[in-house]
Amino acid sequence: MTLLACLASPAMAAEVPAAPAVPLSQPCDKVPGLVQAFAEVSTLRAAFTDSKDIAILDAPLVSKGHVYYQRPDRLHLATETPSRQSVTLVGTRVRVVQEDLGREQAMDLGVSDVAKAVVANILLVLGGRIDALSALYRCTAEPDRDAWRMTLVPLREPMTKVVRQMQVRLARDGTLREVRVEELDGDASTMSFTATVTNRPFTDQEVRSYFTP
């Protein structure tokens with residue numbers, strides 16, 4: 001009997017035994033293959049588009065650029081449009097360069113608990129540290145077409161005072177596709193990644209160029 005016929009006949013449809021319920025969402029560390037795929041990423045380079053939805057604005061703020069990551073704590077985010085700006089992170093040291101304005105600033109994240117927590121969590125996501133993420137967030141994951149979608153709800157301050165939840169989409173091979181951060185004040189930011197290359201070592205010249213704080 002076809003599915004269409006079953007739907008057309010309630011009596012016949014009732015004869016079909018119900019399939020056992022399978023929970024779509026599971027704890028991140030219990031999802032087969034997720035931990036391994038995530039943890040195997042040692043370097044990442046990708047183009048990004050960041051769309052920020054701000055409650056007081058009618059349209060999102062969109063920026064584009066490239067991101068470079070090297071496990072465990074090196075990150076270089078280069079925004080190219082609408083203005084040129086780069087953020088370089090090595091450990092707790094940060095350097096921000098606003099090229100179009102001719103400004104440069106260095107700082108240590110140790111002076112700001114919120115900034116330190118935000119950056120630390122970004123590195124945990126990029127580095128696939130599901131063990132550490134699970135200690136800081138209620139971390140669940142579910143299938144999303146050919147990827148996984150992780151939902152991270154913060155459990156501790158200071159993130160509980162700022163972030164409602166984060167959602168991460170990750171391809172089955174460990175390639176990061178999207179990170180969405182929803183804040184308590186209603187603002188949200190969605191960063192999508194394309195042309196992603198993982199596990200290609202950086203040359204010495206690239207290390208000096210991207211990761212000098």
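Of all residue pairs spaced 6 or more apart or on separate chains, those with beta-carbon atoms under 9 Å, a first member in segment 80-94 that is more than 19 Å from Ser51 (Cβ to Cβ) and charged (D, E, K, R) and a second member that is surrounded by fewer than 16 Cβ atoms within 10 Å (Cβ to Cβ) and at pLDDT below 95 are Arg93/Ala106; Arg93/Met107; Arg93/Asp108; Arg93/Pro213.
Residues that are of a type in the set (Lys, Arg) and exposed (fewer than 14 other Cβ atoms within 10 Å of the Cβ) are absent from segment 82-89.
For residues that are in a strand (DSSP E or B) and surrounded by fewer than 19 Cβ atoms within 10 Å (Cβ to Cβ), scanning just segment 140-159, find the one that is modelled with the lowest pLDDT.
Asp144
Residue count for segment 160-174 under the criterion of being in a loop (DSSP other than H, G, I, E, B) and out of contact with any Phe, Trp or Tyr (no Cβ under 8 Å at 6 or more places or on another chain): the result is 2. Where strands (runs of 3 or more DSSP E) fall entirely within segment 30-113, those with at least 1 residues that are of a type outside the set (Val, Ile, Thr) and more than 19 Å from the chain's Cα centre (by Cα) are at 74-81, 85-90, 93-98, 103-108.
Only one of the numbered conditions (1) surrounded by fewer than 17 Cβ atoms within 10 Å (Cβ to Cβ); (2) out of contact with any helix residue (DSSP H, G or I) (no Cβ under 9 Å at 6 or more places or on another chain) is not met by Arg172, and that is (2).
The values are calculated or read from the model by the stated rules, or taken from the named source; none is laboratory data. The shown structure was predicted, so the numbers you read here are calculated from the model rather than taken from an experiment. Cβ coordinates were reconstructed from backbone atoms using ideal geometry, including for glycine residues, and neighbour counts include every protein chain displayed.
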